[in-house]
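For reference, the structure discussed in these notes is given below.
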Amino acid sequence: MVQFYNVSKVYANGVKALDDISLKIDQGEFLFLMGPSGAGKSTLIKMLTREELPTRGQIFVAARSVVRMKKNEVPKLRRNMGIVFQDFKLLENKTVAENIAFAMEVVGASSRDIRTRVDEVIGMVGLKGKETSLPSQLSGGEQQRVGIARALANRPLLLIADEPTGNLDVDTSHEIMELLYDINRRGTTVVMATHARDLVRAARRRVLTLERGQIASDTPAGEVEA
Ligand SMILES: Nc1ncnc2c1ncn2[C@@H]1O[C@H](COP(=O)(O)OP(=O)(O)OP(=O)(O)O)[C@@H](O)[C@H]1O
Ligand SMILES: [Mg+2]
């Protein structure tokens with residue numbers, strides 16, 4: 001699903017955020033991305049979404065080179081991925097249903113498909129009855145459920161989440177994690193950057209730890225982190 005070959009990223013200010021990263025993520029995997037602040041987690045995620053280009057190396061997502069891809073092919077790449085943000089990034093003047101529908105409108109889905117799919121993903125994230133609520137009328141956990149529903153709307157192969165529980169309390173974080181595991185069980189590959197150690201320890205999924213832009217450890221699912 002994802003391959004990195006000797007990927008380095010040096011930002012314009014000279015900061016080396018990624019230093020010779022090679023890794024492979026299989027379809028259906030759930031991967032936690034850990035490491036201290038500044039280790040390069042968000043930068044690695046931006047390589048996947050092509051928000052940033054690597055300075056060196058090759059990156060493949062769903063067998064397509066993200067590096068060689070032309071600008072006009074980027075929307076097609078992003079259609080294969082759903083992105084969940086720490087601060088939800090919902091449109092405040094749109095309802096729950098409208099926020100999700102919008103993600104489908106921008107990729108040109110038919111209004112019939114949109115109606116069906118919006119209902120479906122609202123059910124998946126447990127927000128039935130909240131369709132017409134505005135984000136300001138929802139709790140943080142509920143807002144993140146909308147964020148996840150929106151990310152799922154276009155049936156992505158890859159779900160990317162950068163600290164999705166960063167603004168949530170412990171109980172709500174667990175609920176959001178259950179939702180992400182559920183999505184993963186249905187076949188979507190998940191990459192999630194987080195600082196939540198307890199969460200990661202309990203999950204027994206693959207954990208890739210970055211330190212100063214390098215891979216410090218890569219612990220397979222089911223093994224306890226050293
Ligand atoms: N757009 C940018 N321009 C210049 N330097 C950047 C940019 N984005 C990130 N950096 C630097 O690259 C390094 C890695 O940053 P990154 O955001 O990937 O870390 P992170 O692991 O996500 O940290 P955190 O846990 O705090 O979110 C840091 O030193 C950061 O200051
Ligand atoms: Mg980050």
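Here, each number is a calculation from the coordinates, and none is a lab measurement. Note that the structure is a prediction, hence the values are computed from the model and not measured.
Shape verdict for the stretch 59-208, please, from the Cα gyration tensor: rounded (a/c under 1.5), prolate (a/b greater than b/c) or oblate. Since a/c reaches 1.5 but b/c is at least a/b, the shape of the stretch 59-208 is classed as oblate. Largest GNM mean-square fluctuation among SER42, SER173, SER139, using the chain with Cα springs under 10 Å: SER139. Taking every DSSP beta bridge that has both ends in the stretch 76-226, the antiparallel portion is near 35%.
With the cut-off at 18 Å, tell me which of the pairs LYS46/LYS76; LYS46/LYS94; LYS24/LYS76; LYS16/LYS76; LYS24/LYS71; LYS89/LYS128 have Cα atoms farther apart than that.
Distance filter (> 18 Å) returns LYS46/LYS94; LYS24/LYS76; LYS16/LYS76; LYS24/LYS71; LYS89/LYS128.
Once backbone amide H atoms are built at 1.01 Å from N, GLU211 has ALA216 as its partners under 5 Å, excluding neighbours fewer than 5 places away on the same chain.
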